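All remarks here apply to the structure that follows.
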Amino acid sequence: MDRGLAFHFSRVTEAAALAGYQWLGRGDKNKADAAAVETMRIMLNGMDIDGEIVIGEGEIDEAPMLFIGEKVGTGKGEAVDIAVDPIEGTRMTAMGQSNAIAVLAAGEKGSFLKAPDMYMEKLVVGPLARGCIDLNKPLEENIQAVATALNKPLSRLTIVTLAKPRHDATIAAMQAMGCRVFALPDGDVAASILACMPLSEVDLMYCIGGAPEGVISAAVVRALQGDMQGRLMLRHIAKGDTPENRALSEWEAKRCEEMGVVPGKVLCLTDMVSSDNLVFSATGITKGDLLDGITSDGNIAQTETLMIRGKSRTIRKIQSTHYLDRKDNNVKPFVMT
């Protein structure tokens, strides 16, 4: 996947972020998501690629989505598999909170795990702790192994997770070990990247979050030569054994069977992403720990995009100024020209 194509993908996340930004603080996460989804679809369909969406979102919560199996591009160029999250942090966008980003990963055909939109347990570390993690072991043993690999006492280990009720006991246990824990409202793709980026103070990311975000995270973790393990979790296991969750778990189990994946089986990084021939792009919507958010003044907007190419392991931050063609004051999907 050449550099020119990689830059085209960065324009896709820029456009999606600008579209979602128009709904910043307006309290409607579905409209923000719909704007980003439609803009991302239009941008992808304008590219000379033979693309297929292999990881999308929306199956669980009926949100707008680029659906799994959807064909994108003109069909004239390179065959690529694409994993998308048009807005990671729709609620943060709707409420004007930090860490919302537009995300995309693209790789050569067959390089990404095909998985339903369900929960995934994830454990991520950077390059210095590669080979030290094993989700078959208790989390406490993994944390100790990472601390040993990094030659750090537990008191200096920084772990990032999501501030969700399902993690309350885990957060308390990690803090009881003496670790410093950062609990983010949402956004485990950004959290996974922070665990692998050079000069980051984050040593480890653990959470139970979305499988689409897990595969996207695996792409960037591989590009950054970190390490990751994950396992798909049925909803009644991830969120509690209720009749409603049991019913959703039956649907998830059927989807897993159709797609040839096994819930509960530990997946290594190479199971989730099998090739280094990939590109990852993320554009900030709101200011966060990983990227600056969009700033806008009239018809001018500025974006910051993180672009990582797997084969060259090149990390770029791209700051762009966009002149927007707004003929009226209505909020509408934005398409970059």
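Restricting to the stretch 108-136, name every residue that is acidic (D, E), open to solvent by less than 40 Å² (accessible area, probe 1.4 Å) and in a loop (DSSP other than H, G, I, E, B).
Within the stretch 108-136, just D117 meets the criteria.
Has the stretch 189-197 got at least one residue that is of a type in the set (G, A, S), within 23 Å of the chain's Cα centre (by Cα), modelled with pLDDT under 95 and surrounded by fewer than 24 Cβ atoms within 10 Å (Cβ to Cβ)?
The answer is no, given that none of the residues of the stretch 189-197 is of a type in the set (G, A, S), within 23 Å of the chain's Cα centre (by Cα), modelled with pLDDT under 95 and surrounded by fewer than 24 Cβ atoms within 10 Å (Cβ to Cβ).
Which residues, taken from the stretch 67-107, are open to solvent by 30 Å² or more (accessible area, probe 1.4 Å), within 19 Å of A32 (Cα to Cα), among the hydrophobic types (A, V, I, L, M, F, W, C) and out of contact with any Gly (no Cβ under 6 Å at 6 or more places or on another chain)?
Listed by number, the list holds a single entry, M95.
Counting just the residues of the stretch 148-171 that are small (G, A, S) and open to solvent by 70 Å² or more (accessible area, probe 1.4 Å), which one comes out farthest from K239 (Cα to Cα)?
S155
Could you list, in sequence order, all residues of the stretch 104-152 that are at positive phi and touching a residue at least 12 places away in the same chain (Cβ under 8 Å)?
G110, G131
Do we have M43 as part of a helix (DSSP H, G or I) and surrounded by fewer than 24 Cβ atoms within 10 Å (Cβ to Cβ) here?
It is true that M43 is part of a helix (DSSP H, G or I) and surrounded by fewer than 24 Cβ atoms within 10 Å (Cβ to Cβ).
Out of D271, D292, report the one residue that is closer than 22 Å to F9 by Cα and either outside any strand (DSSP E or B) or in contact with a Gly (Cβ under 7 Å, 6 or more places away or on another chain) (or both).
Result of the check over D271, D292: D292.
Considering the stretch 151-182 alone, what residues qualify as being within 21 Å of V220 (Cα to Cα) and either aliphatic (A, V, I, L, M) or modelled with pLDDT under 95 (or both)?
If the condition is that a residue be within 21 Å of V220 (Cα to Cα) and either aliphatic (A, V, I, L, M) or modelled with pLDDT under 95 (or both), then I159, V160, L162 are the ones that fit.
The rows are residues; the columns are (1) closer than 17 Å to S296 by Cβ; (2) in contact (Cβ under 8 Å) with a residue 60 or more places away in the chain.
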{"residue": "Q22", "(1), (2)": "yes, yes"}
{"residue": "T39", "(1), (2)": "yes, yes"}
{"residue": "M43", "(1), (2)": "no, yes"}
{"residue": "G46", "(1), (2)": "no, no"}
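Residue by residue, here is whether (1) closer than 22 Å to Q97 by Cα; (2) open to solvent by 50 Å² or more (accessible area, probe 1.4 Å); (3) over 14 Å from the mean Cα position of the chain (by Cα) holds:
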site	(1), (2), (3)
V220	no, no, no
L224	no, no, yes
E252	no, no, yes
E257	no, yes, yes
G260	no, yes, yes
D271	no, yes, yes
S281	yes, no, no
I300	yes, yes, yes
I308	no, no, no
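Matching residues to (1) of a type in the set (D, E); (2) out of contact with any strand residue (DSSP E or B) (no Cβ under 7 Å at 6 or more places or on another chain):
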{"site": "E201", "(1), (2)": "yes, no"}
{"site": "G230", "(1), (2)": "no, no"}
{"site": "E244", "(1), (2)": "yes, yes"}
{"site": "G260", "(1), (2)": "no, yes"}
{"site": "N277", "(1), (2)": "no, no"}
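Looking only at the stretch 1-37, how many residues end up being open to solvent by 30 Å² or more (accessible area, probe 1.4 Å) and over 22 Å from K114 (Cα atoms)?
Going through the stretch 1-37 one residue at a time, the tally reaches 17.
The values are calculated or read from the model by the stated rules, or taken from the named source; none is laboratory data. Remember, it's a predicted structure, so these values are computed and weren't measured experimentally. Here the Cβ is made from the backbone with ideal geometry for all residues, glycine too, and neighbour counts use every protein chain on show. Side chains are part of the model used for accessible areas, which takes the heavy atoms of the whole protein and leaves out ligands, DNA and RNA. Shrake-Rupley method; radii C 1.70, N 1.55, O 1.52, S 1.80 Å.
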